[in-house]
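Quick notes on the structure that follows.
The values are calculated or read from the model by the stated rules, or taken from the named source; none is laboratory data. Quick caveat: nothing in here was measured; it's all calculated off a predicted structure. Counting neighbours? That spans all protein chains shown, and the Cβs are built from the backbone with ideal geometry, glycine included. Each accessible area value is taken on the protein alone, full model and side chains, heavy atoms only, with ligands, DNA and RNA left out. Shrake-Rupley method; radii C 1.70, N 1.55, O 1.52, S 1.80 Å.
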Amino acid sequence: MQKINKNVVLALLSLLSLVFLLFQLYYYKFYLSQKNGAVFSKVRGSLSGQDSTRWHVVRKFLALISSHNIPVYLIDPLILGLVDKDIEQIRSSPDGPSPECKYFCAPRDFTTFALLDKTWKHEVGLFRTAEKMGFQWLKIINKDPRLDGMDDLSGIEIPLHYIFKLASHAIHLVVFYERSGNYLWHGPLRLKQHMDRKFVPFRKLHFGRYPGAYEKPELLLVSIDDLKVQIPKNPSSFLEEMSRSRFLECRYREARAFFQLYPDDASLDAVEFRKKAKSLLHLAALTLNKLGVKFWLSSGTCLGWFRQCNVIPHSRDVDLGIFIRDYKTDIIPAFQKAGLPLKHKFGKVEDSLELSFQGDDDVKLDIFFFYEEDDHIWNGGTQAKSGKKFKYLFPKFTLCWTEFVELRVHVPCETLQYIEANYGPDWKVPVKTWDWKSSPSNVQYNGIWPVEEWDDVIQIY
């Protein structure tokens with residue numbers, strides 16, 4: 001038998017080794033990597049290092065929270081805005097592979113997730129695991145406003161925000177708490193003096209500049225860029241809610257100081273009126289919310305919230321404001337159906353409209369409609385016996401959420417200016433004798449209704 005050439009044997013062995021190596025690479029790329037959800041077969045090579053890093057950081061964070069059974073959901077406005085454009089496609093293929101990294105690779109400094117406080121309590125173990133995975137973390141705490149009150153200005157602090165940083169990207173985890181008005185609240189992000197202000201670019205965060213209040217979202221589990229995440233079922237609604245979520249706490253410390261100067265009325269009549277006013281406000285909120293009509297605390301009810309965190313017992317009514325652009329013809333029938341008969345209707349939609357509904361006993365609900373001009377906002381008043389018209393001018397304002405008598409309601413964000421416009425610089429001093437035609441600081445005489453219009457603009461029931 002002819003002797004085999006050593007060079008030929010070496011060449012064959014080298015060729016077999018190369019084939020085996022190629023097979024191993026193929027097996028890893030198209031089987032193991034897909035099984036572990038670790039790569040995008042088409043896109044990864046075309047991404048810049050920074051784009052790929054964002055996706056990898058999000059993937060590692062999701063693995064981190066999954067290992068501790070922590071349910072989070074995506075609230076990042078930039079990513080949700082992109083997702084919303086393709087929401088039908090994403091909903092129809094919740095498990096489908098992504099041909100490209102379209103969402104989590106988008107340029108940004110942070111990715112924002114939400115956590116419900118009651119779903120998780122064991123943070124020490126999470127931090128240890130995070131550090132093993134290469135994350136740096138920061139915890140932001142502050143006082144729990146849910147424990148504040150007239151008798152207890154609590155100093156108990158709760159976690160409000162977490163930052164997890166890896167490489168050049170960071171995860172912002174916002175902690176949401178359920179409050180007595182059956183809504184979710186997150187606190188502001190305020191760094192303690194000893195904290196590293198260069199840890200991340202904090203000013204670029206989408207959440208934390210102000211506290212925020214939200215409806216409890218319905219969540220949807222989807223696959224985004226081959227990563228399983230929960231998102232609000234209706235991203236566009238969440239983004240709209242986010243734009244108007246700013247929350248103002250009741251000023252308990254100032255209210256406490258007010259009651260030291262002017263002791264609260266604890267009489268049986270005052271307690272009974274406040275109980276009825278609370279019930280009436282809850283019913284009014286339920287009725288208007290069903291109609292989709294935005295409203296806010298106005299006049300004496302707003303003053304009571306701002307000055308003493310409670311209903312003013314000698315006011316004898318509940319006052320709400322509504323922009324005339326939000327007026328609906330269904331408002332009167334809806335309140336009547338809710339058991340609140342119409343007491344009077346003054347003005348008309350085009351000018352000085354106000355409605356009054358009768359609650360229990362002598363407690364009534366007054367709704368004032370506000371008209372927007374170029375540089376101010378106003379509402380009108382009408383004297384029934386004379387037909388005289390009055391106008392109350394306010395500086396322009398926006399609306400924020402607050403909690404009042406265990407209810408999430410709107411108030412003017414610029415509350416002090418709103419109160420001072422109506423009640424003047426001495427608004428802190430209680431006034432029990434009040435003439436709506438002359439006492440307000442912002443009242444103006446506005447002419448007289450033509451007699452031929454009285455039947456339409458002055459209706460008393």
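With kT/(6 pi eta Rh) evaluated at 10 °C and eta = 1.306 mPa s, and Rh the Kirkwood radius from Cα pairs, the chain diffuses with a coefficient of 60 µm²/s according to Stokes-Einstein.
Would you kindly calculate the mean projected area, averaged across all directions, of the convex hull enclosing the Cα atoms of segment 218-319, in square nanometres? Display every interim value, and only then the final one.
Details: hull surface 37.5 nm².
Seen from a random direction, the Cα hull of segment 218-319 projects 9.4 nm² on average.
Here the spin labels are modelled as points 7 Å beyond Cα on the Cα-Cβ line, and at Glu241 and Ser223 they lie 2.8 nm apart. For segment 87-240, the fraction of C-alpha pairs more than 24 angstrom apart is 43%.
Apolar share of the accessible surface for the chain: 54 percent from carbon plus sulfur atoms, 1.4 Å probe. Remark on the chain: Cys302 stand apart, with no other cysteine beta carbon under 4.7 Å.
Starting from the Cα of His376, step 7 Å toward the Cβ, then list every residue of segment 432-460 with an amide N under 19 Å from that point. Correct set: 436-448. Reported value for segment 373-436: 138 Å³ per residue, from the convex hull of its C-alpha atoms.
Temperature 20 °C, viscosity 1.002 mPa s: under these conditions the Stokes-Einstein estimate for segment 169-227, based on its Kirkwood radius over C-alpha pairs, is 152 µm² per second.
Farthest towards the positive end of the charge dipole of the chain, among the residues Gly181, Ala106, Ala338, is the Cα of Ala106, using unit charges on the Cβ of Lys, Arg, Asp and Glu.
Among Lys192/Lys396; Lys60/Lys233; Lys85/Lys143; Lys121/Lys198; Lys294/Lys348, which pairs are too far apart, with a Cα-Cα distance over 30 Å?
On the way: Lys192/Lys396 34 Å; Lys60/Lys233 24 Å; Lys85/Lys143 38 Å; Lys121/Lys198 28 Å; Lys294/Lys348 19 Å.
Violating the 30 Å limit, Cα to Cα: Lys192/Lys396; Lys85/Lys143.
Three principal axis extents describe the C-alpha atoms of segment 275-340; from largest down they are 34, 25, 15 Å. Restricting the trypsin sites (Lys or Arg not before Pro) of segment 359-461 to loop positions (DSSP other than H, G, I, E, B) with no more than 10 neighbouring Cβ atoms within 10 Å leaves Lys385, Lys432.
Relative to the 2.2 N^0.38 Å rule of thumb, segment 169-282 has a C-alpha radius of gyration ratio of 1.53. Ranking Gln260, Phe202, Ile458 by how far each Cα lies toward the positive end of the dipole of the chain (charges on Cβ) leaves Phe202 at the top. A straight Cα-to-Cα reach below 15 Å connects Lys118 with the aspartates and glutamates Asp144, Glu178, residues fewer than 8 places away in its own chain not being considered. A 1.4 Å probe run over the chain, with the rest of the protein chains in place, finds 53 Å² accessible per residue.
Placing unit charges on C-beta atoms (Lys and Arg positive, Asp and Glu negative, everything else neutral), compute the dipole magnitude of the chain about its Cα centre in debye, rounded to 20. Provide the component values of the computation, followed by the final result.
On the way: 61 positive and 55 negative charges, 534 e Å.
Dipole size: approximately 2560 debye.
Over the C-alpha trace of segment 278-382, radius of gyration and Dmax come out as 13.3, 41 angstrom.
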